[in-house]
Amino acid sequence: MANTLGDIQTVLRIRPFRRLWTVLGLASFGDWLAIFATAGFAQSLFDDPAAKGAAFSATIVLRLLPSLVLGPVAGVFADRFDRRKTMAACDTARFLLIASVPTVYLITDNTAVTVAWLAIAQLCIEGAVLIWSPAKEAAVPNLLPPEKYEAANQLSLATTYGIAPPLAFAVLAILERGSAVWSNLGTWAEPMVIALYLTAAMFAILAVTVYFFIPEISGRIGEAAAKTSSVWHDFVEGWSYLRTSERVRGLIVGMLGAFSGAGILIGVGTVYATTLGAGEAAFYTLAVFLFLGLGCGIAFGPKLIGELSRLRWFGMSIVLAGTGLALDAVAPHMVFSVIGSLIIGLGAGMAFLAGITLLQRETEDEIRGRMFAFIAVSARVILMLSMTIAAPLAGWQAARSLDLGFADVPLSMSRILLFIAAALVVWLGVTAFKSMDDKPGVPVFADLWSSLRGRPLTAAEPVAGTGFFVVFEGGEGAGKSTQSVKLAAWLKLRGYEAVLTREPGATDIGMRIRSLVLDSAPENSGGASTPTPRAEALLFAADRAQHVDKVIRPALERGAVVVSDRYIDSSIAYQGSGRALGKDEIAWVSTWATGGLKPDLTVLLDVDPADGLHRAKAGGDGDRLEQEQLEYHEKVRETFLQLAAADSGRYLVIEAGGTPDEIAARVRAAVAERLDIRTRTTRTETGWPGLDATRNGAKGNKNPQHDTTQNDTAPHDTTRNGTGKPDAAPTAQSTKDYGWDTVAEEASRP
Ligand SMILES: Nc1ncnc2c1ncn2[C@@H]1O[C@H](COP(=O)(O)OP(=O)(O)OP(=O)(O)O)[C@@H](O)[C@H]1O
Ligand SMILES: Cc1cn([C@H]2C[C@H](O)[C@@H](COP(=O)(O)O)O2)c(=O)[nH]c1=O
């Protein structure tokens with residue numbers, strides 16, 4: 001998903017998109033030219049400097065006004081009619097309107113008529129832009145596969161905001177300079193008149209290109225154009241879609257949050273800059289860094305975050321922009337403000353790119369135009385509102401300063417407003433994040449960190465069932481097998497379906513893997529049959545993938561209590577730490593292998609490695625891993641303890657020096673508390689539920705309902721063969737596992 005130049009090249013190889021992109025480039029160039037040429041033209045009609053200033057601002061305001069009136073229905077046009085025809089019609093209208101402005105000027109000497117026509121034309125041009133833009137945005141997804149939307153948007157944004165404005169300024173500058181050379185040619189050769197005719201010509205070319213050369217823009221909507229519903233119905237439908245689609249609503253909340261922050265920032269910008277004591281240039285310096293950040297966010301954002309979920313990226317980017325605003329609000333020095341502005345730009349640029357791409361992906365073709373129009377209009381309204389409210393407030397109060405001990409922070413209304421903007425943006429960013437999150441339960445910072453390193457965390461695949469998953473972990477000889485059996489038997493006797501299992505080797509494939517990883521290599525093999533550390537890690541992960549899919553998940557889905565002797569933590573401790581393969585890497589591989597399935601409770605039996613090895617080997621050599629140096633086992637123990645300390649709610653750490661019964665009692669208490677076991681346990685006349693079944697089972701007549709031993713998989717065989725080596729083949733659960741001794745003993749427990 002991360003875009004590179006290669007992705008952009010691929011997108012440009014798609015002919016219809018290449019043409020649309022050319023059109024878009026020309027249209028943005030034309031737009032920027034039109035904005036500044038009309039404003040410049042309006043200025044040129046007056047001599048008085050104050051009137052010039054007012055004329056310039058009035059033309060800009062006139063461009064924003066129509067969105068209030070036409071905005072709500074602009075999207076309906078984009079969805080209701082053939083988008084190609086809509087775009088071509090708007091371009092033709094722009095051509096005629098822009099060309100009419102200098103024409104009126106040339107044919108009349110009356111400034112009032114020219115000004116009045118300019119105002120009307122401005123309003124109508126903006127109307128055309130309002131209808132054209134959602135049609136264009138909504139058309140892009142019809143020309144590209146979804147995975148290319150992001151690269152296409154990067155290209156479009158870079159063209160609109162990076163290439164088109166400087167080109168437009170360059171043309172205007174050339175015309176201004178050149179006019180001195182051809183000043184004798186008359187009024188028609190005035191720079192702004194030429195600029196306006198040039199812009200008009202460009203829109204004429206665009207209309208022809210869109211209409212005749214990019215038929216693909218019509219997309220499906222072309223055929224669906226003959227709609228029977230009313231315009232009002234389409235309008236209402238757009239609103240209800242907003243209400244029903246949580247993700248789109250999250251997107252819009254986030255985007256509007258970002259725009260309100262931007263409005264406040266623009267409104268207070270100049271006053272705020274004066275509080276920095278860095279002279280007149282401070283405002284422009286901050287603006288430069290803001291745009292620099294914006295450009296970097298758009299250009300490098302996707303590469304930086306790699307495979308991070310775009311839904312998460314959007315909310316996070318808005319929060320980042322809010323953090324930048326907060327930094328600006330408290331910045332004691334210009335340097336901090338510059339960093340703050342860069343962060344705001346970075347966050348805003350990434351949010352903008354992610355937002356557009358997601359809106360294209362998340363909305364259906366039939367409704368997309370209305371959603372884009374809604375955003376465009378609300379953004380304008382919110383920008384205008386927040387600017388108008390913030391600007392006069394910013395100068396309200398004389399600056400004071402707050403002594404923080406280590407720095408003096410100037411306290412002024414502009415900073416307070418920035419802080420309010422920061423809080424608002426962060427809050428809306430978090431709200432958007434929550435309503436769009438596609439990885440609930442996956443820790444945000446860990447996911448971000450892993451994504452930056454190229455390995456995003458996957459959301460856990462949900463378990464459709466009420467089962468409970470207990471894991472025993474610990475070093476060699478800690479007593480895991482002993483305790484697993486005791487717990488499973490105790491649960492079984494209380495009416496639970498207890499599935500006793502282990503790693504490695506709970507399935508047919510697992511048994512073969514167990515043999516591959518744990519058998520000591522024959523003396524004369526020269527180490528050739530010993531797996532390398534990475535192969536060993538992958539073999540354990542493969543065993544786990546099979547185990548989870550074939551044994552654990554099905555059992556949890558049935559509502560059983562799964563008791564496993566070892567799970568992911570063993571890999572993190574033995575391979576990640578012991579073999580120094582990296583704990584995060586190993587955790588990531590296992591999380592992938594298991595679809596993110598985590599135990600509900602992990603019982604860590606902590607034993608001194610020397611004692612544990614002594615117990616486990618029981619005079620023999622032990623398996624391949626038991627034969628590792630003591631140092632290796634010490635690292636393993638250390639890692640188990642670290643894992644438990646990092647997530648204390650999910651771990652029960654028991655010092656394994658107590659008697660098996662003492663330990664079992666503590667384990668039972670913890671499990672009972674979590675399962676609320678008494679509510680499920682009922683005494684029967686004959687004794688504990690399950691006890692009879694097990695008694696029968698001991699006589700070879702097991703109750704199938706609670707029988708965990710008749711799996712098609714290889715069940716946990718806790719019978720040690722004394723050599724420390726795995727059994728040759730999966731065996732049915734031996735009587736020792738659920739033997740009468742254990743069962744009777746557990747049955748008598750309170
Ligand atoms: N609390 C305890 N005190 C003393 N000995 C124990 C205790 N628990 C288990 N043992 C004994 O220690 C040996 C190893 O026990 P167990 O197989 O349960 O440990 P484990 O952690 O599963 O070992 P491994 O890691 O090798 O699978 C067995 O002989 C067992 O009887
Ligand atoms: C699951 C798992 C296990 N190991 C090691 C730990 C032990 O030395 C053996 C398993 O033996 P046990 O007697 O059945 O406990 O395998 C490992 O290194 N990595 C793992 O993920």
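Taking segment 594-643 as the region of interest, how many residues are within 13 Å of ligand 1 (Cβ to nearest atom), within 13 Å of SER577 (Cβ to Cβ) and of a type in the set (S, T, N, Q)?
0
State whether one or more residues within segment 296-314 are surrounded by fewer than 18 Cβ atoms within 10 Å (Cβ to Cβ) and either of a type in the set (A, V, I, L, M) or over 22 Å from LEU353 (Cβ atoms) (or both).
Checking segment 296-314: at least one residue is surrounded by fewer than 18 Cβ atoms within 10 Å (Cβ to Cβ) and either of a type in the set (A, V, I, L, M) or over 22 Å from LEU353 (Cβ atoms) (or both).
Could you tell me whether any residue of segment 581-604 is away from ligand 2 (no atom under 14 Å from the Cβ), part of a loop (DSSP other than H, G, I, E, B), within 20 Å of VAL667 (Cα to Cα) and modelled with pLDDT under 95?
Yes; the residues of segment 581-604 include at least one that is away from ligand 2 (no atom under 14 Å from the Cβ), part of a loop (DSSP other than H, G, I, E, B), within 20 Å of VAL667 (Cα to Cα) and modelled with pLDDT under 95.
When you check GLU473 against the structure, is it modelled with pLDDT of 95 or more and under 22 Å from VAL562 (Cβ atoms), yes or no? Explain how you work it out, then say what you get.
On the way: modelled with pLDDT of 95 or more: yes; under 22 Å from VAL562 (Cβ atoms): yes.
Considered against the rule, which asks whether it is modelled with pLDDT of 95 or more and under 22 Å from VAL562 (Cβ atoms), GLU473 comes out as yes.
For the structure I just gave you, tell me whether ALA201 is at pLDDT below 90 and either exposed (fewer than 15 other Cβ atoms within 10 Å of the Cβ) or not in a helix (DSSP H, G or I) (or both).
Answer is no for this residue.
Mind counting the residues in segment 557-580 that are assigned to a loop (DSSP other than H, G, I, E, B), touching a Ser or Thr at 6+ places or on another chain (Cβ under 7 Å) and crowded, with 23+ Cβ neighbours inside 10 Å? It would help to see each step written out before you state the result.
Start the filter on segment 557-580 by keeping residues that are assigned to a loop (DSSP other than H, G, I, E, B), which leaves 559-560, 566-567, 579-580.
Of the ones still in play, those that are also touching a Ser or Thr at 6+ places or on another chain (Cβ under 7 Å) are 559.
Now restrict to residues that are crowded, with 23+ Cβ neighbours inside 10 Å: none.
Qualifying residue count, segment 557-580: 0.
Among the listed residues THR103, THR92, identify the single one that is part of a helix (DSSP H, G or I), closer than 17 Å to LEU45 by Cα, of a type in the set (S, T, N, Q) and at pLDDT 90 or above.
Just a single option satisfies the conditions, and that option is THR103.
Does ILE513 meet the test of being outside any loop (DSSP other than H, G, I, E, B), more than 30 Å from the chain's Cα centre (by Cα) and within 14 Å of ligand 2 (Cβ to nearest atom)?
So ILE513 passes the test.
Which pairs have Cβ atoms under 6 Å, sit 6 or more apart or on different chains, and link a residue in segment 304-326 that is in the same structural domain as VAL442 (by TED's automatic domain parsing) to one that is among the aliphatic types (A, V, I, L, M) and assigned to a loop (DSSP other than H, G, I, E, B)?
As it stands, the answer is GLY306/ALA2; GLU307/MET1, since those pairs meet every condition given.
Filter segment 128-187 for residues that are assigned to a loop (DSSP other than H, G, I, E, B), at pLDDT below 85 and either charged (D, E, K, R) or on the phi < 0 side of the Ramachandran plot (or both) and give the result.
Within segment 128-187, SER179, ALA180, VAL181, TRP182 qualify.
Do we have any residue at all in segment 536-556 that's under 14 Å from GLY475 (Cα atoms) and surrounded by 22 or more Cβ atoms within 10 Å (Cβ to Cβ)? Spell out the reasoning first.
Going residue by residue through segment 536-556, those that are under 14 Å from GLY475 (Cα atoms) are none.
So far as segment 536-556 goes, no, none of its residues is under 14 Å from GLY475 (Cα atoms) and surrounded by 22 or more Cβ atoms within 10 Å (Cβ to Cβ).
Quick one: would you say ALA541 is farther than 24 Å from ARG668 by Cβ and of a type in the set (A, V, I, L, M, F, W, C)?
Details: farther than 24 Å from ARG668 by Cβ: yes; of a type in the set (A, V, I, L, M, F, W, C): yes.
When the stated conditions are applied, ALA541 passes them.
Checking the conditions here, which among PHE419, PHE352 is modelled with pLDDT of 90 or more, over 23 Å from the mean Cα position of the chain (by Cα), outside the structural domain of ALA138 (by TED's automatic domain parsing) and assigned to a helix (DSSP H, G or I)?
PHE419
Whether any residue in segment 55-76 is charged (D, E, K, R), within 39 Å of the chain's Cα centre (by Cα), modelled with pLDDT of 80 or more and not in a loop (DSSP other than H, G, I, E, B) is what I want to check.
No - not one qualifying residue is present in segment 55-76.
Please specify each residue of segment 449-495 satisfying the condition of being within 9 Å of ligand 1 (Cβ to nearest atom) and out of contact with any strand residue (DSSP E or B) (no Cβ under 7 Å at 6 or more places or on another chain).
Answer for segment 449-495, where residues must be within 9 Å of ligand 1 (Cβ to nearest atom) and out of contact with any strand residue (DSSP E or B) (no Cβ under 7 Å at 6 or more places or on another chain): GLY475, GLU476, GLY477, THR482.
Return the residue satisfying two criteria in turn: it lies in segment 496-519 and is out of contact with any strand residue (DSSP E or B) (no Cβ under 8 Å at 6 or more places or on another chain) and farther than 18 Å from VAL548 by Cβ, and of such residues it is farthest from ligand 1 (Cβ to nearest atom).
This residue is LEU516.
It is to be established whether one or more residues within segment 642-650 are in a helix (DSSP H, G or I), within 16 Å of ligand 2 (Cβ to nearest atom) and aliphatic (A, V, I, L, M).
For segment 642-650, residues in a helix (DSSP H, G or I), within 16 Å of ligand 2 (Cβ to nearest atom) and aliphatic (A, V, I, L, M): present.
Check off (1) within 16 Å of ligand 1 (Cβ to nearest atom); (2) at pLDDT 95 or above for ALA541 and give me the number that stays unchecked.
Of (1) within 16 Å of ligand 1 (Cβ to nearest atom); (2) at pLDDT 95 or above, only one is false for ALA541: (1).
Return yes when THR591 is within 16 Å of ligand 1 (Cβ to nearest atom) and farther than 25 Å from SER520 by Cβ and no when it is not.
In short, no.
For LEU487, are the conditions met, namely being away from ligand 2 (no atom under 15 Å from the Cβ), in contact with a Phe, Trp or Tyr (Cβ under 6 Å, 6 or more places away or on another chain) and over 19 Å from ILE572 (Cβ atoms)?
Judged against the criteria, LEU487 is not a match.
Name the residues in segment 464-491 that are surrounded by 16 or more Cβ atoms within 10 Å (Cβ to Cβ) and either under 18 Å from ALA593 (Cα atoms) or among the small types (Gly, Ala, Ser) (or both), would you? Explain how you work it out, then say what you get.
Let us first name the residues in segment 464-491 that are surrounded by 16 or more Cβ atoms within 10 Å (Cβ to Cβ), namely 467-491.
Matches in segment 464-491: GLY467, PHE469, VAL471, GLY474, GLY475, GLY477, ALA478, GLY479, SER481, SER484, ALA488, ALA489.
Quick check on segment 618-639. Is at least one of its residues more than 15 Å from ligand 2 (Cβ to nearest atom), buried (at least 20 other Cβ atoms within 10 Å of the Cβ) and touching a residue at least 12 places away in the same chain (Cβ under 8 Å)?
No, segment 618-639 contains no residue that is more than 15 Å from ligand 2 (Cβ to nearest atom), buried (at least 20 other Cβ atoms within 10 Å of the Cβ) and touching a residue at least 12 places away in the same chain (Cβ under 8 Å).
Condition first: outside the structural domain of LYS439 (by TED's automatic domain parsing) and either within 32 Å of the chain's Cα centre (by Cα) or within 22 Å of ALA537 (Cα to Cα) (or both). Can you find one or more residues in segment 650-666 that meet it?
Yes, the conditions are met somewhere in segment 650-666.
The values are calculated or read from the model by the stated rules, or taken from the named source; none is laboratory data. Values in this document were obtained by computation on a predicted structure and should not be read as measured data. Cβ atoms come from the backbone with ideal geometry, glycine included; neighbour counts cover every protein chain shown.
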